[in-house]
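The values are calculated or read from the model by the stated rules, or taken from the named source; none is laboratory data. It should be emphasised that the depicted structure is a prediction, and the values quoted were computed from it without experimental measurement. Note that each Cβ is placed from the backbone with ideal geometry, even for glycine, and that neighbours are counted across all protein chains shown. Ligands, DNA and RNA are excluded from the accessible area calculation, which covers all protein heavy atoms including side chains. Shrake-Rupley method; radii C 1.70, N 1.55, O 1.52, S 1.80 Å.
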Amino acid sequence: MNTFIRLRDNIRRFILSREMLFLKIWSALVAFVGLMCIRINFGYNKTVSQVWVSIIIALVCAFFPIQGVSIVLTIVLLLDLAELSFEAAIIGLAFVVVGYLVCAYYRSKNTYNMVMVPICYSFHSPYIMALGTGLLSNINEICAIICGSVTAYYLHIVKDNAAAIIDETSDVSIVTLLNEQMLKGRMFYFFLIAMIAMFLVVYLLRQSNINMSWIVANLMGVAVEFIIMLTGFLLNSQKGEIPGLIVGNIIVIIIGFILNYFILDLDYSRIEKVQFEDDDYYYYVTAVPKIRIVEEDKEVKKI
């Protein structure tokens, strides 16, 4: 166990000593992955879809904060959608604007989740953002998760019906697709409820007074989300989606354990219960010590 703790502490110190460099690498990586997702799932704008253009944009995004990266990705996505259908781009822009206004009203700071959720959705693992946000953020961030989930499902509909949208002889329109497959589609509501439920379960459990609260929150959040989505797939006769759901949830569990390993450092084997009083109250306190390994002092003698 001490070996894993030392390894984690060494990684932490290494990252913190080069924090600005790792932030730039992270911004560039998110930008490049997002651009590749746009290129693979849409790719109708031949200019922005070229790999060398994506590399240049990602390198420029290295000097932006993650919020700025999300704005750049949104602009590129809208340009790409405009090549497919101007109507699709306008509706996509409306979703983004409404999302930012809702997040601003409810003081949700992590608005980049509105872009990160669709990116993770393209990997069949949008629940990573619900889990990570529930573990690391406050209740206000549920707004960004909801708005990101709505946008992700809209893009999923546009992608699946791109051929019909391009076909000039087809009577299919974006508004019709939204009405039939989103507003009247039961799977959309199952997905939205699963994301919200997972966030709330994780958020509430990780703050609860139980041992290993983060791990319990991780497992219970995934279990609740899996049951909801499994029910939705079975009721809508989409059994072919179940293997992808299972793989996606395994990835979510692994990500949750990684977050617990690198961020939370509590030693539940040495819990202490303390009680004291003042003039007005009697206090019962449960103290969970942090894991600390005393570094060995090495004395070097020159002979």
Extension gain Tyr189-Glu168, at 0.36 nm per residue separation less the Cα-Cα distance, in nm? 4.5 nm
Would you mind getting me the FRET efficiency between Val247 and Leu7? Use the beta-carbon distance for r and R0 = 35 Å, nearest 0.05. 0.80
Ignoring everything except DSSP H segments at least 4 long, calculate the 222 nm mean residue ellipticity for the chain; use -39,500 (n - 2.57) per segment, divide by total residues, nearest 500. -22000 deg cm²/dmol
How far apart, in nanometres, would the label points at Ser17 and Leu79 be if each is projected 7 angstrom from Cα along the Cα-to-Cβ direction? 4.0
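What accessible area per residue, rounded to a whole number of Å², is obtained for the chain using a probe radius of 1.4 Å? Present the calculation step by step, with values, prior to reporting the outcome.
Details: 17780 Å² over 303 residues.
For the chain, the per-residue accessible area is 59 Å².
Please give the peptides 122-128, 162-168, 42-48 ranked by average Cβ packing (other Cβ atoms within 10 Å per residue), highest first, as a rough proxy for protection.
122-128, 42-48, 162-168
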Which order do Trp26, Trp214 take by accessible area at a 1.4 Å probe, largest first? Trp26, Trp214
Roughly how many Å² of Arg13 are accessible to a 1.4 Å probe, to the nearest 10? 120
Counting only protein heavy atoms with a 1.4 Å probe and every protein chain in place, the carbon and sulfur fraction of the accessible surface of the stretch 4-89 in whole percent equals 76
Compute a Gaussian network model of the chain, connecting alpha carbons closer than 10 Å, and tell me which residue from Arg186, Arg18, Arg39 fluctuates the most. Arg18
Specify the angular offset, from 0 to 90 degrees and rounded to the nearest 10, of the alpha carbon long axis of helix 66-84 from the longest principal axis of the alpha carbons in the chain. 20
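Once neighbouring chains are kept in place and the probe is 1.4 Å, which whole percent of the accessible area of the stretch 139-206 is contributed by carbon and sulfur? The partial results should precede the final answer.
On the way: 1870 of 3050 Å².
On the stretch 139-206, the fraction of accessible area on carbon and sulfur atoms equals 61 percent.
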Relative contact order for the chain using alpha-carbon pairs under 8 Å, separation at least 6, rounded to a whole percent? 14
State the Cα centre-to-centre distance between the stretch 176-197 and the stretch 214-249 in whole Å. 16
Nearest 10 degrees, 0 to 90: helix 186-206 Cα axis against the chain principal axis: 10
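Given Cα pairs under 8 Å that are at least 6 residues apart, what percent is the relative contact order of the stretch 129-260? Mind showing how you got there, number by number?
Numbers: 116 pairs, mean separation 37.1, N = 132.
After rounding, I find 28 percent.
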